[in-house]
Every structure is written in C-alpha cells, then in structure tokens.
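Report on one structure; see the data block that follows.
Values quoted throughout were computed directly from the atomic coordinates according to the rules given, and no laboratory measurement underlies them. Being a predicted model, the structure only gives us computed values, none of them experimental. Neighbour counts are summed over all protein chains in view; Cβ atoms, including those assigned to glycine, are modelled from backbone coordinates with ideal geometry.
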Amino acid sequence: MTETLQANLISLEEKLNEIDSQISKFKQISADEGIKLNEVVEILERRKLQLLDELDAWQKTLIARHKDRPLACDYINGIFTNFTPMCGDRHIMDDHAIVAGMAYLEGRPVVIVAQDKGRTTEEKVLRNFGMPHPEGYRKALRVMKFAEKFNRPIITFIDTPGAYPGIEAEERGQALAIAENLREMSQLAVPIIAVVIGEGGSGGALALSIADRILMLKYSIYSVISPEGCASILFRDAGKAPLAAAALKLTADDLYGFAIIDQIINEPAGGSHRDPKSTIENVKAALISNLDDLCRVDKNELLNGRYKKFRNMGVFCSFDN
Amino acid sequence: MGWFSKLLVPDREKSKVPQGLWEKCPGCQRVIYKKDLEKNLWVCAQCGYHFKISARDRIDSLVEPGSFKEMNSNIGSLDPLEFTDTEKYCDRYKKARDKSKMNDACLTGTAMLGKNKAAIAVMDFFFMGGSMGAALGEKITLMTEFATENRLPLIIVSTSGGARMQEGIFSLMQMAKTSAALARHAKAGLMFISVLVDPTTGGVTASYSMLGDIIIAEPNALICFAGPRVIEQTIRQKLPEGFQRSEFLLKHGIIDMVVPRSEMHDKLEFILDFINSGERAVE
Ligand SMILES: [Zn+2]
C-alpha cells in the first residue's frame, strides 16, 4: 500500500527530472548553435514551478520523509564548526536517536540538540529511525540544562516519526520524559530555536520544540498524528492517508497561517534533497538572524514571551448556556 | 499519540442491559443491580472492577458535598481545521455536547476536601473519549493559573484517549500550554496532585498527567503513552499480562500509589492536610 501511495511522488520526481533535462538540453543547443532559446527555457521553468505549486499535503509528506532528504547531521556538519558531541542520560544509556553537543555558529557558541533518522541501514538501526526512547529525551534535557547553566543558546533540529512506542520505552516512562521536557523547556532561561527539517511527529517532536522561535523548512510537516495513523483511526482505512494529510493541515504553509510557527525556510524546487547545499545555507542564515534577535532580549522578557507564545495557541469559544 | 482507538468505547454503553436496571461487570461478567453499583461508586463489589464514571459523578465521589463551584463552564471548542473524516467534526462535537450536557471533556472549579480548598479539574471519558482539544487545554490552563494566583493546591483527574486529532496541531500544542502553566504553579511552591483513571493515554499522559508532585492511579487503569495496539503493531509481539496497568506503573516507579475509588477522597484529604498543616518536622 505504501508503494502505491509513494508512486505519485516518484512520478512527480520523474517529471521534474524530465523538465530539468529538457532545460539543460535547450541551454546546450542554444550555446552550441548560437540560437536564443531563452523563451523556451523560461516556459519550462514556469512549468516546473506550476508542478510544484500543485503539490498537495500528501506529496509534501512524502518529500518530508524522502530517503535522500538532508538529515540533522548534514545540517550540523554544514552549518556549525567544532561540533563536539555530548552523550548519555547519566542513568541508562546513550540514545543515538538524539544527537547533542556543543558547537559554534559563525563564532557564536551554541548547544545543539537534534533528532537524526540515519541514512544507511546501519545508521537507521543505530538511531532507531529517529524515534527516541525516554533516555533520549532525558539526554536532551540534561544537555539543555547544561546550556542554561553556561548561558548558551539552544538550537534543536526536529525530524522524527514520533517517540518510540515499545515495551521498554513505556516501562521507563516515555510519557513522563516528554512531559518533563515540556515543563522544563518552558522555563530554560536561554534563547531556544527549533527547526523542523523533516517530520515533526507529534509529542515526540514537541518534546524538543518548546522554543522562542519555531522555524520550518518549506516541505517539512508537523502534526499531532501521522496521516497513516489518523486515516486508520478516523477514516477507518490506512489507505486514506492522503486524505488525512490534507485534513490535518500539517504543512509549513498551514502552520504559518495558524501562527503556530514563526518562519518558513525556503527549499529548492521539489525539496532539499535536490540541492542540499542551498538548503543548508538557507537554514544557516535563518538561524543567525533569529539568534541575534533573541540574544538581544532580556531574560525575563524572553521567558514571558515564550509562555505567552504557547499560552495563546488554541482556538476556542464561549457558549451562552 | 492520538491513537485513541475503537477499543475505547465506554464500557457502560457497551454493556447496557435492556431494562437499564442491571449492569454486566466487564471484570467478572456478573450481572449487578444498578442501584447497588451506584451506592458502591460504580465499583464491582465482587471483583473490584472500576466502571468509568462521568466527571459529575466523580466530583460527587471526591469532594465535600455541595462544595464544588464550577468555573469557565462556557468554554467550548471550535473547528479551526474544518475537519471532516467519516463525519464532520462540528457535527460530532455538537452531538457530544447534547448528549453530555457539557461543553467539553472536563469540568473545572474549586472545591473543599475536608478543610482544604483546592482547584480541581476532572476529565470525562464519555465526552469524545476525553480527547484533548483547545477548549480542554484552555480550561486546564485557566484552572492552573487560577491556582497559582490564589496559592491553591491543584488536583487534576485525567482520563483520555489522547489528543483530539480533529483539531490537528492545536490539540498537540495544548500539551505545551498546560505543562508551561504547571511549571509556574510548581515554581510558586504549590502542590499538584495528578489522579489517573482508566484509561489515561497519549498526549494527556505525556503532559500534565505525569507532572504531579504526587501521582495516584485507580486500580487496573490503563495508563500509557502509546496504546497497546500501536505497540503490538510496532514490535510484532504479544504484550505481557498487566502491561501498562496501574500496578505495572507502580512497580516501574512511575506513579506513587494505587488507590481504590472508595478511598480516594480520604487519601487526597490526607495529602492536602499534610502540606497545609502548620507544624513542620523540626530539624
Ligand atoms: Zn466484577
């Protein structure tokens, strides 16, 4: 079933590739023969953008999960210098679904906490496909408290299908670990920026996202439940995931419209995997400008602002009865 | 997180016996005279099975008679996503309101336990599976803020199938909002008692429910982050007997105590007396 649901992304990528190869063919001819083919090239570029304008929520979901999409470690390596990992929750183990440590952002010392799904099969297993256990959330919190103690801003990268649903995870308090992160992050007296780079999977993503600024890549998603999960529960049919994806309003555009996120970071046409380098540059620029803004804010103002930000999320009414 | 599944159809609906005078116990399969059950706070006298009860019945069983003063009762949810699955969310929601005579899945207010005043929020599983949307999140947050401002202890009784998926990202953000309000309540040095009843799952468990200074569960309540079905599908194994039940959580150090419904009032009163008593242990 997943294969048929994915087929439409593959056909989209084929179309994009075809247009790209046509464009380069025309450019070649134009160069070789000295003929001006600008108009043809422009038409093709426009067609490409049209194709992308029509991307629906499900196609964006597939791009957010694309196997070649840059992962947290790609951003860490591409944006920061001297990244020095910190490991372990100091109780049970080091959860590799969470990558954390110290680094410099163009000379600014920052602390990074990230979810990484892993690229190769080995990495995926090591990182549990980006699904943290409670130890991962406790490791994250330990490192974030370290950041607060030494007055270093925190940058988190969000990319997870969700917190891991397993026997040990439940035994060791998955719900508790997430809840404690929500509570503690709301009080950390240093600037926090969260960047959703792929999948923002429910509570497992929220547990690293209580931030002063929430940024999202254009083709990333952030949702209370996966489209598949929602489809099987509410639509009674997991095959209706594309419908559920649309209904959940989980794209960056949707969330920006709801004022849940602060900024959409641009991606190259068709997704960051088609040009990781430019995406990484875009993320870097967004981080620097947001960080410099936040570092100018007084601590109390920062914490009050963060409280208000989440306090105001939610649409409700008052009945007359 | 928002897994709340078909298995969570309220027991009382399922086991209705035609005349309405008798109720079948899902625990021991005995048929019980309804009046007897009511007298026993909806707990089976034979096997100790705790039936699900409404928020109003729960409040009657917990606080001093007549002391509950409801607040913010008018708050209800909207439909910001204009969500439709097999049914429109706004229709589903209206039905739940009509049936329950409540505006959303919890009641909040102040009440007395013995001589202690407390802020209290009680969830109702019969209202859309106790799912957490913006109205519920707002009511819990308002009550928490009220408790902080008035230096009151806070009691929240949770029962929930998880997030209200029909409210999408707004429902997820209620976890953040309620937890941040509790952080301020805790910082003010105030007591929060979290009471968990069957079932407490998903986003509610992974936010305020787990943040109590004291966490108490009713016997044999399902308390989890991910539901048993989701876990079974993920790991493709049968789950151990008693997994994710109150006693399991007690054994694994996640909760403080398991207290039957008949003793809950006294236990809460004891804890409030303990923190409110003027005399403190001498160094
Ligand atoms: Zn029984």
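Residue-wise HN-Hα couplings along region A:76-87, as the Karplus relation 6.51 cos²θ - 1.76 cosθ + 1.60 with θ = phi - 60° gives them from phi, are 4, 5, x, 9, 9, 10, 6, 4, 10, x, 10, 10 Hz; Gly and Pro carry x. One decimal place: the segment A:T121-A:V41 gains 24.8 nm when fully extended, by the rule 0.36 nm per residue minus the C-alpha distance. Projecting the Cα atoms of A:P242, A:T279, A:N266 onto the charge dipole of region A:176-300 (Cβ charges, centred on the Cα centre) puts A:P242 farthest toward the positive pole. Exposure proxy ranking for B:E64, A:E42, A:E267, A:E13, based on other Cβ atoms within 10 angstrom of each Cβ and starting from the fewest, stands as A:E42, B:E64, A:E13, A:E267.
In plain terms, the residue of A:V196, A:V41 with the fewest other Cβ atoms within 10 Å comes first and the most crowded comes last, giving A:V41, A:V196. Length, then width, then depth: along the principal axes, the Cα atoms of region A:272-321 run 57, 33, 9 Å.
Per residue of peptide B:203-213, the mean number of Cβ atoms on other chains within 10 Å of the residue Cβ is 6.
Return one number: the angle in degrees, 0 to 90 and rounded to the nearest 10, between the long axis of the Cα atoms of helix A:38-53 and the longest principal axis of the Cα atoms of chain A. That helix lies at roughly 40 degrees to the long axis.
For chain A, what is one quarter of the convex hull surface built on the Cα atoms, given in nm²? Before the final figure, lay out the partial values.
Working: hull surface 84.2 nm².
Over every viewing direction, the Cα hull of chain A projects on average to 21.1 nm².
Among the helices of chain B, those built from whole DSSP H runs whose Cα atoms reach 18 Å or more along their own axis and whose mean Kyte-Doolittle hydropathy is at least -1.0 are B:134-149, B:168-187, B:261-276.
Shape summary of region B:53-282, radius of gyration then Dmax from alpha carbon positions: 17.5, 63 Å.
Sort the following peptides by mean Cβ neighbour count (other Cβ atoms within 10 Å, averaged over residues), highest first: A:136-144, A:18-26.
On the way: A:136-144: 25.2, A:18-26: 14.3.
Result, highest mean Cβ count within 10 Å first: A:136-144, A:18-26.
Along each principal axis, taking the top coordinate minus the bottom one, the Cα set of the protein assembly as shown gives 96, 63, 49 Å in descending order.
Note down the magnitude of the dipole of region B:66-121 about its Cα centre, charges +1 on Lys and Arg C-beta and -1 on Asp and Glu C-beta and zero elsewhere, to the nearest 20 debye.
Values: 10 positive and 8 negative charges, 92 e Å.
Charge dipole, region B:66-121, about its Cα centre: 440 debye, nearest 20.
When +1 charges are put on Lys and Arg Cβ atoms and -1 charges on Asp and Glu Cβ atoms, the dipole computed for the protein assembly as shown relative to its Cα centre reaches about 920 debye.
Counting, for every residue in B:76-86, the Cβ atoms of other protein chains within 10 Å of its Cβ and taking the mean gives 5. Shown for A:L62, A:L51, B:L196: other C-beta atoms within 10 Å of each C-beta, ranked fewest to most, produce the order A:L51, A:L62, B:L196.
If you look at the Cα atoms of region B:37-142, you get an Rg and a Dmax of 15.6, 49 Å. Ranking A:A175, A:I214, A:I225 by Cα position along the charge dipole of region A:169-244, where only Lys, Arg, Asp and Glu carry charges on their C-beta atoms, puts A:I214 farthest toward the positive end.
Taking 0.36 nm per residue of separation and subtracting the Cα-Cα distance, full extension of the segment from B:E232 to B:C28 would add 70.9 nm. Taken residue by residue and averaged, Cβ atoms of other chains lying within 10 Å of the Cβ of A:247-260 number 3. For region A:2-51, with equal point scatterers placed on the C-alpha atoms only and solvent neglected, what are the log10 I(q)/I(0) values from the Debye formula at q = 0.14, 0.17, 0.23, 0.29 1/Å, to two decimals? Ignoring solvent entirely, the Cα scatterers give -0.43, -0.56, -0.79, -1.02. Note on region A:24-42 and region A:212-256: Cα centroid distance 41 Å, given to the nearest whole angstrom.
Would you work out the charge dipole size for region B:53-282 about its Cα centre, treating the Cβ of every Lys and Arg as +1 and the Cβ of every Asp and Glu as -1, and quote it to the nearest 20 debye?
Working: 26 positive and 28 negative charges, 46 e Å.
Charge dipole of region B:53-282: 220 debye, to the nearest 20.
When chain B is treated as a Gaussian network with alpha carbon springs shorter than 10 Å, the biggest mean-square fluctuation among B:N220, B:N150, B:N103 belongs to B:N150. Put +1 on the Cβ of every Lys and Arg and -1 on every Asp and Glu Cβ in the protein assembly as shown; which of B:S131, A:H133, A:A57 then has its Cα farthest towards the positive end of the dipole? Farthest towards the positive end: B:S131.
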